[in-house]
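S.K.: Below is a structure I'd like to ask you about.
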Amino acid sequence: MSDEMMNTKEVARYLGIHEKQVYSLIGQKRIPATRVTGKWVFPRKLIDYHLGKLGVDPAHIEGYANEAYTHLEIGLSVLSNETDVGVATIAVSQLLGLFFIPITSERFDMILDQRTFFQSGVQTLMEVLRSDSFRARVAKLGNYDFRDSGKILYAP
């Protein structure tokens, strides 16, 4: 890819985030991107401009060009001073004793057909998700919202 345009992998490396996070930023319209022949491309100057609008100079972010693949790897990079900042879960920040600033929240739904839903394994999972003991255990992780876990949101 040219110095002017980057592909998804290159922009992930450039920003020091995982490729999946790039797709999330595209979906949230928080990163400038264009689809060309079915692939996302990112103008490097617009990425830098976007960071500049936020008052961020990439040269001042230690580890800006580094790439990590897991939340734990990001946390360990911060802990070992290889990088200044990274996007990870609160659970990792608590595990490693790192400061955490929430930047977004995500909701995860499970979609099943009716036949699958009534299988014993799925029903057991639903019971666990609704149980007070499960909720008490995940509450210890901090900032996770399980109030709708095990709830049927739509049934035709």
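The values are calculated or read from the model by the stated rules, or taken from the named source; none is laboratory data. All figures in this text were calculated on a predicted structure; none of them were measured in a lab. Because the Cβ atoms are built from the backbone with ideal geometry, glycine has one as well, and the counts that use them run over all protein chains shown.
S.K.: For the condition surrounded by 11 or more Cβ atoms within 10 Å (Cβ to Cβ), assigned to a helix (DSSP H, G or I) and at pLDDT 75 or above, what is the one hit in Val41, Val22, Val85?
M.R.: That would be Val22, the only listed residue that is surrounded by 11 or more Cβ atoms within 10 Å (Cβ to Cβ), assigned to a helix (DSSP H, G or I) and at pLDDT 75 or above.
S.K.: Please work out which one of (1) surrounded by 17 or more Cβ atoms within 10 Å (Cβ to Cβ); (2) β-branched (Val, Ile, Thr); (3) more than 16 Å from the chain's Cα centre (by Cα) is the condition Thr34 fails and give its number.
M.R.: Just one mismatch for Thr34, condition (1).
S.K.: Based on this model, can you work out whether Ser77 counts as polar (S, T, N, Q) and either exposed (fewer than 10 other Cβ atoms within 10 Å of the Cβ) or assigned to a loop (DSSP other than H, G, I, E, B) (or both)?
M.R.: Criteria not met by Ser77.
S.K.: So, Val56, is that one assigned to a loop (DSSP other than H, G, I, E, B), of a type in the set (A, V, I, L, M, F, W, C) and in contact (Cβ under 8 Å) with a residue 60 or more places away in the chain or not?
M.R.: For Val56, the condition - assigned to a loop (DSSP other than H, G, I, E, B), of a type in the set (A, V, I, L, M, F, W, C) and in contact (Cβ under 8 Å) with a residue 60 or more places away in the chain - is not met.
S.K.: Sticking with this structure for a sec: Sort out which residues of the stretch 7-32 are of a type outside the set (Ser, Thr, Tyr), over 24 Å from Glu82 (Cα atoms) and in contact (Cβ under 8 Å) with a residue 12 or more places away in the chain, and write them in order of number.
M.R.: Hits for the stretch 7-32 are Asn7, Ile26, Gln28, Ile31, Pro32.
S.K.: Could you tell me whether Val138 is among the β-branched types (Val, Ile, Thr), under 20 Å from the mean Cα position of the chain (by Cα) and more than 22 Å from Ala12 (Cβ to Cβ)?
M.R.: yes
S.K.: Next up: Being farther than 27 Å from Gln28 by Cβ and at pLDDT below 90 is true for just one of Gln114, Gln123. Which residue is that?
M.R.: On inspection, the qualifying residue turns out to be Gln114.
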